[in-house]
Amino acid sequence: MTAIVLVGTVRARTPEETWQILAGQMERLGITRVAQITGLDYLGIPVWTAIRPSARTLVTSQGKGASDLLAKISAVLESAELWHAEQPLAAAARGTHRDLGVPYPMNALPVKLDHDSLPDTPLDWALGTGLTSGRSTLVPADLVRRHLRRDVVVPNIFHVTSNGLACGNTAGEATVHALFEVIERDVLHRDYVSGGGHRTLINPGSVEDRYCRDLIDRFQDARMFLEIALVDSAYEIPVCAVYIWSEDYPILFAGSGCHRDPRIALSRALTEAAQSRLTCIAGTRDDLESHEHAFAARPPRPEHAGPSTGDWAALTARYGPAERDFPAETAAVAARVASVTGYEPIAVDVSRSDAYAAVKVAAPGLEMRITRSIPRPGKRHG
């Protein structure tokens, strides 16, 4: 299916068609309300929230976009992702890594502790599809499902997050979004442990794309601290990180984005930073910490990690265009991951409806952020 390029995102259907489909699924997903929260902040960047009162993980999920409709769709899809993670997952196999002949090492997964006994530990396994070979490949079921009540006798081996979990109009759309997410997390992690050695700080004035320009102007017109970084990696796929801060809410908020189109990567990072700020202003997300200390201490304005000298057009000119359809884009991006890690990414279909798709991508060899925050090195190196 040919991808439809929208402002700030790519979908397999128009926003109107996507919303019509999702609206018919909300009762099944337990979403009772989708609300606009844009007006709680003065930036005016569309942010919506989807509410699932009976959720077993997070009750509220936020979404952002270039329009109210796109932000509303984003919020519902975020909520749908968590709903799928909460559902029971039947194991396709039970056995040890060694006995089942799994084609990647256990320590290439997000294990809590690398130990010699891991290949001989009996596990439940889900069946996925290798994204370069097309072969059926096993993935530990505990990387796909989220236990609500763990059996204390069963080893808790993995760091389990929603990283690589995506919903979309089609399996191709969902898989591409999931791939970009696992790449983004890996790139930002490796940049952070390098002390920021892979990032270039972008001069905001060099960004000419109309949508990104509008977003940047909103932050700058509000006299906010704004830092934009383009993060390099062996995947040669644009990853952006954005940090904002204001005197009236003196917390450093961050957003990140990854896409083969640099404009979409940047717009995702900019809008996610605004969404992060608005989520805290709304105060409805279950897992947020209090920021009372910041208001009491009146912390000083952050210092930039380095000079913002990077020219956006010059730095992004080397990136090639995305493929025109989702299967071709999946193959191209997965091939880049496999060429770097030595292991193909694997997609597990967790869909429970024919109306849309839900996919969990596991990518052996990729690192991931364990914390929710987007790392910002305090000092730029190199």
Residues in segment 232-282 that are among the basic types (Lys, Arg) and touching a strand residue (DSSP E or B) at 6+ places or on another chain (Cβ under 7 Å): how many? 2
Here is a check on your reading of the model: is ALA71 closer than 30 Å to LEU278 by Cα and among the hydrophobic types (A, V, I, L, M, F, W, C)? yes
Does segment 3-19 contain at least one residue that is part of a helix (DSSP H, G or I), surrounded by 14 or more Cβ atoms within 10 Å (Cβ to Cβ), in contact with a Pro (Cβ under 9 Å, 6 or more places away or on another chain) and among the β-branched types (Val, Ile, Thr)? no
Would you call ARG210 in the same structural domain as THR161 (by the TED database), at positive phi, open to solvent by 30 Å² or more (accessible area, probe 1.4 Å) and of a type in the set (D, E, K, R)? no
Scope segment 349-371; condition β-branched (Val, Ile, Thr) and surrounded by 24 or more Cβ atoms within 10 Å (Cβ to Cβ); matching residues: VAL359, VAL361
Within segment 47-73, the residues that are open to solvent by 20 Å² or more (accessible area, probe 1.4 Å), free of Cβ contacts under 8 Å to residues at least 60 places away in the same chain and either within 30 Å of ARG213 (Cβ to Cβ) or assigned to a helix (DSSP H, G or I) (or both) are TRP48, ASP68, LEU69, LYS72
Could you grab me the full set of residues in segment 280-295 that are in a helix (DSSP H, G or I) and open to solvent by 10 Å² or more (accessible area, probe 1.4 Å)? CYS280, ILE281, ALA282, GLU292, HIS293, PHE295
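Listed here are the residues, each with its yes/no results for (1) part of a helix (DSSP H, G or I); (2) crowded, with 21+ Cβ neighbours inside 10 Å; (3) at pLDDT below 90.
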{"site": "ARG145", "(1), (2), (3)": "no, yes, yes"}
{"site": "ARG150", "(1), (2), (3)": "no, no, yes"}
{"site": "THR161", "(1), (2), (3)": "no, no, yes"}
{"site": "LEU179", "(1), (2), (3)": "yes, yes, no"}
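The values are calculated or read from the model by the stated rules, or taken from the named source; none is laboratory data. As the structure is a computational prediction, the values presented were derived from the model and not from experiment. Here the Cβ is made from the backbone with ideal geometry for all residues, glycine too, and neighbour counts use every protein chain on show. Please note that ligands, DNA and RNA were not included when accessible areas were found on the heavy atoms of the full protein model with its side chains. Shrake-Rupley method; radii C 1.70, N 1.55, O 1.52, S 1.80 Å.
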